[in-house]
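Heads up: the structure comes next, in C-alpha cells.
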Amino acid sequence: MKTTDFIGLNAEQSKKEIELLNSLLANFQIYYQNLRGFHWNVKGNRFFVLHAKFEELYNDAIEKVDELAERILTLGGVPLHSYAAYAQAASLKATENVSDGDECLRIVLENLSVLINQEREILAVAADNGDDGTQDLLTPYISEQEKLVWMLCAYLNK
C-alpha cells in the first residue's frame, strides 16, 4: 500500500515534486549549515545581535528540513540523507570562514533568494498535481522568508 493511494495523489505524477523537494531539502541543509557557521564565527560590535539571530534562523531551518523530508516520504519518495547527496543536489554553496556580519547577512539574503525561487517552482508543480498539502507547506515558508528578506535589507540599510 502507498500513502498516495489514500491521500488521492498519483504516485507517478508526484515524482517530479519529490525530485524538486529533495533539491530544496539539500539546499535547506546547506543553508542550515551556513547559518551554523555564521552563528559560531561572527565577530564585531554586533556580535550579540547577529549571534542570536543566526541561532533563531538555523533553528527554523532545521524544522523545515524535517517537514520537507516528511513531505517527501508522504509523496512516496525517499528524502536525501547524506552530506554527499546534499552537496550533489544543492545549488547553494557551503560557506566557510566568514566572520564579518554584513557579509554573513549578504550570503543569507542570497541563500533566501534561491530558496524562495525554488519554493515557487515547486508550488507550480504541486498545483498542477492537485497537491494541496505541498502547497500548504511551502506557502508559509515563502511569506516568512520574504518578510525576513525585507528585515535583513532594512538592517543592512539596503
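Nothing in this text is a laboratory measurement; each read-out follows from the coordinates by a stated rule. Values in this document were obtained by computation on a predicted structure and should not be read as measured data. Ideal geometry is used to build each Cβ from the backbone, glycine not excepted, and the neighbour counts take in all protein chains shown.
What the table below lists for this structure:
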quantity	calculated
Tilt relative to the chain, helix 132-155 - C-alpha long axis, 0 to 90 degrees, to 10	10
Set of lysines with alpha-carbon distance to Lys15 below 21 Å, sequence-local pairs under 8 removed	Lys2, Lys64
For the range 73-158, diffusion coefficient by Stokes-Einstein and Kirkwood Rh (Cα), 20 °C, 1.002 mPa s, µm²/s	143
Acute angle (nearest 10 degrees) that the helix 101-129 long axis makes with the longest principal axis of the chain, alpha-carbon atoms	10
Lys/Arg +1, Asp/Glu -1 at C-beta; the chain dipole; positive extreme among Ile116, Pro79, Leu137	Ile116
Neighbour net charge for Leu137 - beta-carbon separation under 10 angstrom, K R +1, D E -1	-4
Helix 47-74 axis, angle to the chain major axis (alpha carbon atoms, nearest 10°)	10
Calculated P(r) tail over 17 Å for the range 11-155, as whole % of Cα pairs	59
The chain: relative contact order as a whole-number percent, Cα under 8 Å and 6+ apart	31
